[in-house]
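Have a look at the structure below, then the notes.
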Amino acid sequence: MTDKTMTPEEVVGRLRSGMTIGIGGWGSRRKPMALVRALLRSGITDLTIVSYGGPDVGLLAAAGRIRKLVTAFVTLDSIPLEPHFRAARERGAFALTEIDEAMFMWGLHAAANRLPFLPVRAGIGSDVMRVNPGLRTVTSPYEDGEEFVAVPALRMDAALVHLNRADRLGNGQYLGPDPYFDDLFCEAADSAYVCCEQLVETAELTKDAAPQTLLVKRHSVTGVAETPNGAHFTSCAPDYGRDEAFQKLYASTPWPEFAERFLAGPAELDYQSAVRTWHEEQQ
């Protein structure tokens, strides 16, 4: 058994400019923000990002790190449209492939199963086909002869996900209400990196939780980084909810000002300290 523990910086040290990187979570929920912030502290750029997008996309877009985005949406949940994504998109800062949520999921399934595509009904008769002229359809070879969209596999060089608990071997556990397809992200990528709220012994993962919470298996994980509060400012239920006050600040503050105050430090601890200071100022 291999100890796969790393620091966020060691994870990012394995990434390169030009890669296709998948980011787990959903909107402003359980995003691997500590790894995204580590990515921002690096010089890595020209990325293709695959994500059910939230502030992960917003931060990378504002910093000019995205060449192409593949997504079903980019939202902060309580704020419907991610403002920094919107601003970058309005500037034409990167290419966009926008597909239906179900198509996105089946693209992950196809990649996880090493298939070139999977046929789905989603998209037929909608503008998804119009705005994505590269999509193709296939006809069932059986008697029904039904036409389907051939959703291409969403293969990735690397995936980044955040979970509540993990062990040193790479087994990851979610304790909240939804898995957010993080297991598919890991299985669809050539390498996968998990950041977690807490590293625990393997036996602790099943002590007080159902087996199905063991979402991510060690065979699909390359590295694990313990990052307490590492999903901030997104939610990581049941460990903590979304930091709505800080999210509003993020959404309403010009990017250079936000980046200078909260992202200029050399480590994740600097970010966490800056956030605490800001909250103290609000009291």
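Measuring between their Cα centroids, the range 92-146 and the range 234-266 lie 34 Å from each other. Give the distance, in whole Å, between the Cα centre of the range 157-172 and the Cα centre of the range 4-51. Cα centroid to Cα centroid, the span is 13 Å.
With the simple spin-label model, which puts each label point 7 Å out from Cα in the Cβ direction, the residue 203 to residue 143 separation comes to 5.8 nm. Here are some values of Rg/Rh (Cα atoms, Kirkwood Rh): [x] 0.96; [y] 0.98; [z] 1.02. Which one was computed from this structure? Answer label, from the structure shown: [y]. Inter-label distance, residue 270 to residue 45: 1.9 nm, where each label sits 7 Å from its Cα along the C-beta direction. Of all DSSP-defined beta bridges confined to the range 8-98, some 5% are antiparallel rather than parallel.
Charge dipole (Cα centre; +1 on Lys/Arg Cβ, -1 on Asp/Glu Cβ; no other charges) of the chain amounts to roughly 620 debye.
Charge tally around residue 140: other residues with Cβ under 10 Å, Lys/Arg +1 each, Asp/Glu -1 each, net -4. Using the Karplus relation 6.51 cos²θ - 1.76 cosθ + 1.60 with θ = phi - 60°, the per-residue 3J(HN,Hα) values for the range 120-129 come to 9, 7, 4, x, 5, x, 10, 6, 4, 5 Hz, with x marking Gly and Pro.
Amide H to amide H distances under 5 Å link residue 160 with 22, 23, 24, 193, where only residues 5 or more positions off or on other chains count and H is placed in the peptide plane.
Computed 3J(HN,Hα) for the range 106-116, one whole-Hz value per residue from the Karplus formula 6.51 cos²θ - 1.76 cosθ + 1.60 where θ = phi - 60°, is 6, x, 5, 4, 4, 5, 4, 9, 6, 9, x, glycine and proline marked x. Here the 3J(HN,Hα) profile of the range 170-181, calculated from phi with Karplus coefficients 6.51, -1.76 and 1.60 at θ = phi - 60°, is x, 6, x, 10, 9, 10, x, x, 8, x, 6, 6 Hz, Gly and Pro shown as x. Taking every DSSP bridge with both residues inside the chain, close to 30 percent are antiparallel.
A cut-off of 5 Å between modelled amide H atoms, ignoring neighbours fewer than 5 places along the same chain, links residue 28 with 77.
Each reported figure results from applying straightforward, stated rules to the coordinates on display, with no laboratory input. Please read these numbers as outputs of a predicted model, since none were measured by experiment. Quick reminder, even Gly has a Cβ in these numbers, built from the backbone with ideal geometry, and neighbours come from all protein chains shown.
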